[in-house]
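Comments concern the structure below.
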Amino acid sequence: MATVELRFSALPEHVRTARLVAAAVARRAGVDEAVLDEVRLAVGEACSRAVGLHESHDIASPVRVLLIEDEKKFSIEVGDGVPGGTTAAGARGAGEAEGAAESDAEGEDEMGLAVISGLVDDVEVTAGEEGGMIRMSWPTTTAATIP
Amino acid sequence: MDLSLSTRTVGDRTVVEVGGEIDVYTAPKLREQLVELVNDGSYHLVVDMERVDFLDSTGLGVLVGGLKRVRAHEGSLRLVCNQERILKIFRITGLTKVFPIHTSVDEAVAATD
């Protein structure tokens, strides 16, 4: 089970909440202070992307964020509810069909993934029947373990 | 923290001072501000990001959109930023090659291509 699980309505105003919660849990898990900005940015990008996908595919289900504290690493999983269509190519198809406004969103989606892959060494983007998932992890220091 | 925006004119440049967090929720406000300025004939913009606490790809998208708009009028969009955590986002996306980034508003206002 995730250390902390967060579900939020796919609305832009909730992405900040996800960033704050993720950073707080990461700090507690022992992620280096210098890396917390990267955690905050990466989870924000993943959540923004999920919110965009839910909006463009008219999906009412919430965005799911799992914050998992392991012995030596801290992992974040951000899941969307778009079946098999979370790749940039899938978003592009929707963008072309729905016009210029969607094309802008698609560009931001690709830039979001570019930022995540530039920031995080251990990242995996998958697409499944129940939706897409971005998994990211960071090493933790044992010094943060409370005796 | 929400987004704060204020504008002032210095010579032929319009300085947009941005503070707070630029993300998927607040970026549309910045986009509106930049579009409004260009529509009103301000084609040489300096975006002062010294008081920005957070910037994500949505914010980058808005800045790129602003650059496209001013370039359509042979204008310019310069950034002012000294914060390493913000500069890092421009670097990993390769946008340091796209935007002139200055260390002070004075330097940005004085700059010519």
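The values are calculated or read from the model by the stated rules, or taken from the named source; none is laboratory data. Source: prediction; values computed, not measured. All Cβ positions, even for glycine, are placed from backbone atoms using ideal geometry, and neighbour counts span all protein chains on display. These area figures cover heavy atoms from the full protein model, side chains too; ligands, DNA and RNA do not enter into them. Shrake-Rupley method; radii C 1.70, N 1.55, O 1.52, S 1.80 Å.
The residues of chain B present an accessible area of 46 Å² per residue when probed at 1.4 Å with all protein chains retained.
Run the dipole for the protein assembly as shown about the Cα centre, Lys and Arg Cβ at +1, Asp and Glu Cβ at -1, nothing else charged, and hand back the magnitude in debye, nearest 20. Before the final figure, lay out the partial values.
Details: 25 positive and 44 negative charges, 89 e Å.
Dipole about the Cα centre, nearest 20: 420 debye.
Taking every residue in A:11-20 and counting other chain Cβ atoms within 10 Å of its Cβ, the average works out to 3.
Remark: mean inter-chain Cβ contacts per residue of B:52-60 equal 6, using a 10 Å Cβ-Cβ cutoff to other protein chain atoms. Could you point to the residue in A:ALA24, A:VAL43, A:VAL78 farthest towards the positive end of the stretch A:22-83's charge dipole, with +1 and -1 charges on the Cβ of Lys/Arg and Asp/Glu respectively? Selected residue: A:ALA24. Of all DSSP-defined beta bridges confined to the stretch B:6-110, some 25% are antiparallel rather than parallel. On association of chains B and A, roughly 1600 Å² of accessible area becomes buried (total for both chains; probe 1.4 Å).
Would you pull out the residues with amide H under 5 Å of A:LYS73's amide H, same chain only if 5 or more places away, H placed 1.01 Å from N? Distant-sequence amide H within range of A:LYS73: A:THR140.
Tell me, what is the FRET efficiency for B:LYS29 and A:LYS73 to the nearest 0.05, using R0 = 30 angstrom and their Cβ-Cβ distance as r? Display every interim value, and only then the final one.
On the way: r = 37 Å, r/R0 = 1.23.
Here the calculated transfer efficiency is 0.25.
Bridging of B:LYS29 to lysines at a Cα separation below 28 Å is possible for B:LYS68, B:LYS88, B:LYS97, once same-chain residues fewer than 8 apart are set aside. Between A:GLU55 and B:GLU36, the distance separating the two model label sites (each 7 Å from Cα on the Cα→Cβ line) works out to 2.0 nm.
Run the dipole for chain B about the Cα centre, Lys and Arg Cβ at +1, Asp and Glu Cβ at -1, nothing else charged, and hand back the magnitude in debye, nearest 20.
Details: 13 positive and 17 negative charges, 78 e Å.
Here chain B has a charge dipole of around 380 debye.
Taking a point 7 Å from the Cα of B:VAL98 along the Cα-to-Cβ direction, the residues of the stretch A:117-140 with backbone N closer than 17 Å to it are A:117-119.
Take each residue in A:116-129, count the other chain C-beta atoms within 10 Å of its C-beta, and the mean is 1. The simple spin-label model puts a point 7 Å past each Cα toward its Cβ; for B:HIS73 and B:SER4 those points are separated by 2.7 nm.
Site pair A:VAL21 and B:ASP12 shows an inter-label distance of 5.1 nm when each label is modelled 7 Å from Cα along Cα→Cβ. The stretch A:28-76: which residues show an accessible-area loss of 30 Å² or more, assembly versus chain alone, 1.4 Å probe? With the partner chains in place, the stretch A:28-76 has these residues losing at least 30 Å²: A:ASP37, A:LEU41, A:GLU45, A:SER48.
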